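Visitor: I have a structure here, written as structure tokens, and I will follow up with some questions on it.
Coordinate-derived values only; no laboratory data. Bear in mind that the values here come from a model prediction, so they are computed numbers and not experimental data. Reconstructed Cβ throughout: ideal geometry from the backbone, glycine too, with neighbour counts over all protein chains shown.
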Amino acid sequence: MASSPDIELIAMEVPGDRDHQIYIRRILWRGIKEHLEHEMEKIFSAFGLIHNIVIRSAAEESDEWYSYVTFYSVRAATLAVQENGKLIFEGQRLKIMYSPFPRPKQVIGLSLGKAQELLTYYFGFNCWTSEVVFLERELEPAEPNTVQYLCLVRVKMPKEGLCSEGLGLSSVPCNMSSPVSRGSAFSCSQKFAMHAAMKSAFSKYIIIVMSNGKVTVEVDTTKQEPLIYDPAWDKPVVKVKDIFYNPEDEEECEDLDDMTEEQLEEILNQPI
């Protein structure tokens, strides 16, 4: 389904610079960077959910700053640009335009936390539930001295009558002769398999925003899983209403194969 002037599609992807990102130039500010970022968020979140804000100083030890604000919605960015010269901050009229140097669009899936935040913004808290349909250790891992788990998760939006499924496979290095290493690897592999499956399930939702303000959602059935689905898994073994998510874990969750045992141990000791 393609976007039209009357319909905007918001996928579970990092929004591109073009049409989603605005540029605010020559902001006079004598405070610290973090406070200015907070102020920009307060002002521009009125137009729509913000994915990212970047604050930069125009010169070293200068009171002049500039900012990039990236929205999930093209309409939100358009509304913000239309306020060029109208919004007043600290006695100055903000100069707002589209990003002058947009980067080429790259399809990058949202982190699990961002995807959950996006659905919650449009459909409210408790708009989704999830269940772990299948979570089992692979007895013959692809690599030696590793622990692999495969997980199937089903994420439902009950009010909309929709269901999205995702598969996740994790592989964690392990010293099989060490009980401590094995225990840590088993627990960590389960955790990351569930994380990958949840992220895959959420990635298939597409938010549809009408010009009249009505919002609905669909499941992208064209997305293919990289793993093979076995119908025998279709028997829930664990039901989950929510999963604790710490955004600081996100980068560590992406590259398990590059981690040392010490790094995995550090993540494992964090609360689940």
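Visitor: Magnitude of the Cβ-charge dipole of region 17-98, K/R +1 and D/E -1, about the Cα centre, nearest 20 debye?
Guide: Values: 11 positive and 12 negative charges, 70 e Å.
Dipole of region 17-98, to the nearest 20 debye: 340 debye.
Visitor: Next question, about the same structure. If you stretched the chain out fully between residue 175 and residue 215, how much longer would it get, using 0.36 nm times the residue separation minus the C-alpha to C-alpha distance? The partial results should precede the final answer.
Guide: Numbers: separation 40, 0.36 × 40 = 14.40 nm, distance 5.03 nm.
Contour length minus the Cα-Cα distance gives 9.4 nm.
Visitor: Under the Kirkwood approximation applied to all pairs of distinct alpha-carbon atoms, what is the hydrodynamic radius of region 17-98 in Å?
Guide: For region 17-98, the Kirkwood estimate is 12.5 Å.
Visitor: Let me ask you something else. Gain in length, residue 57 to residue 37, computed as 0.36 nm per residue apart minus the alpha-carbon separation, to one decimal in nm?
Guide: Details: separation 20, 0.36 × 20 = 7.20 nm, distance 1.18 nm.
Stretched out fully, the residue 57 to residue 37 stretch lengthens by 6.0 nm.
Visitor: Out of region 82-178, which chymotrypsin sites (Phe, Trp or Tyr not before Pro) are coil in DSSP terms and have no more than 12 other C-beta atoms within 10 Å?
Guide: Values: sites: 89, 98, 121, 122, 123, 125, 128, 134, 149; in loops: 125, 128.
Within region 82-178, the qualifying chymotrypsin sites (Phe, Trp or Tyr not before Pro) (loop, at most 12 other Cβ atoms within 10 Å) are 125.
Visitor: Over the Cα atoms of region 77-131, each weighted equally, I'd like the Debye log10 I(q)/I(0) at q = 0.12, 0.31 Å⁻¹, rounded to two decimals.
Guide: -0.56, -1.13
Visitor: Running Debye on region 80-227 with equal point scatterers at the Cα sites and no solvent, what base-10 log of I(q)/I(0) appears at q = 0.14, 0.18, 0.21 Å⁻¹?
Guide: For the requested q values the scattering log ratios are -0.82, -1.06, -1.23.
Visitor: Can you tell me the order of 10-21, 41-52 when each peptide is scored by its average per-residue count of other Cβ atoms within 10 angstrom, highest first?
Guide: 10-21, 41-52
Visitor: Exactly which GluC sites (Glu not before Pro) in region 47-76 are in a DSSP loop and have at most 11 other Cβ atoms within 10 Å?
Guide: Working: sites: 60, 61, 64; in loops: 60, 61.
Listed in order of number, the matching sites are 60, 61.
Visitor: Separation of region 79-101 and region 199-218 by C-alpha centroid, Å?
Guide: 28
Visitor: With θ taken as phi - 60° and the coefficients 6.51, -1.76 and 1.60, list the Karplus ³J(HN,Hα) couplings across region 117-124 in order, rounded to whole Hz; mark glycine and proline as x.
Guide: Listing the rounded values in order: 4, 5, 5, 5, 4, 8, 10, x Hz.
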